[in-house]
């Protein structure tokens, strides 16, 4: 029971008992449902580019939710235009996905290496680069 902590949900802001996640159970369920709707829309509408606004208007999933899914890495698709709505968490530069621009990511990686550790961004960097080259969408299926 020592692992249970009270946290604030990063999506809705409500307090909840967490076993390690940053999202409350209600938001996890909602985001999973919305992700499936958005993923299916993108797969079914193979145009050159689609904007976050297009996705929101055609799926009834809010722009905020679509951007959250992109920022968290659940949607990784080159065809989604974020319309300059995503910014690097460190410097504020406009980015197309994730939390950091390439420059800030490199700085964070160098600092982590200097400390002698391996960070989560470093562990996923190779996967993200492969995904960008293939232009595929990743899905996250917890428990599988």
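Which of (1) modelled with pLDDT of 85 or more; (2) out of contact with any helix residue (DSSP H, G or I) (no Cβ under 8 Å at 6 or more places or on another chain) does residue 58 not meet, given it meets every other one?
Failed condition: (2).
Could you please let me know if residue 83 is in contact with a strand residue (DSSP E or B) (Cβ under 7 Å, 6 or more places away or on another chain), modelled with pLDDT under 80, assigned to a loop (DSSP other than H, G, I, E, B) and under 18 Å from residue 42 (Cβ atoms)?
Details: in contact with a strand residue (DSSP E or B) (Cβ under 7 Å, 6 or more places away or on another chain): yes; modelled with pLDDT under 80: yes; assigned to a loop (DSSP other than H, G, I, E, B): yes; under 18 Å from residue 42 (Cβ atoms): yes.
It is true that residue 83 is in contact with a strand residue (DSSP E or B) (Cβ under 7 Å, 6 or more places away or on another chain), modelled with pLDDT under 80, assigned to a loop (DSSP other than H, G, I, E, B) and under 18 Å from residue 42 (Cβ atoms).
Output the residues belonging to the stretch 1-11 that are within 19 Å of residue 71 (Cβ to Cβ) and either out of contact with any helix residue (DSSP H, G or I) (no Cβ under 6 Å at 6 or more places or on another chain) or exposed (fewer than 13 other Cβ atoms within 10 Å of the Cβ) (or both). If you could, list the steps in order and put the result at the bottom.
Going residue by residue through the stretch 1-11, those that are within 19 Å of residue 71 (Cβ to Cβ) are 7-11.
Matches in the stretch 1-11: 7, 8, 10.
Can you tell me which residues in the stretch 19-56 are assigned to a loop (DSSP other than H, G, I, E, B) and crowded, with 17+ Cβ neighbours inside 10 Å? Let's see the steps before the verdict.
Here is the first cut: in the stretch 19-56, the ones assigned to a loop (DSSP other than H, G, I, E, B) are 19-24, 45-49.
Correct list: 23, 24.
The values are calculated or read from the model by the stated rules, or taken from the named source; none is laboratory data. All values derive from a computational prediction rather than experimental measurement. Please note: Cβ atoms are built from the backbone with ideal geometry, for glycine as well, and neighbour counts cover all protein chains shown.
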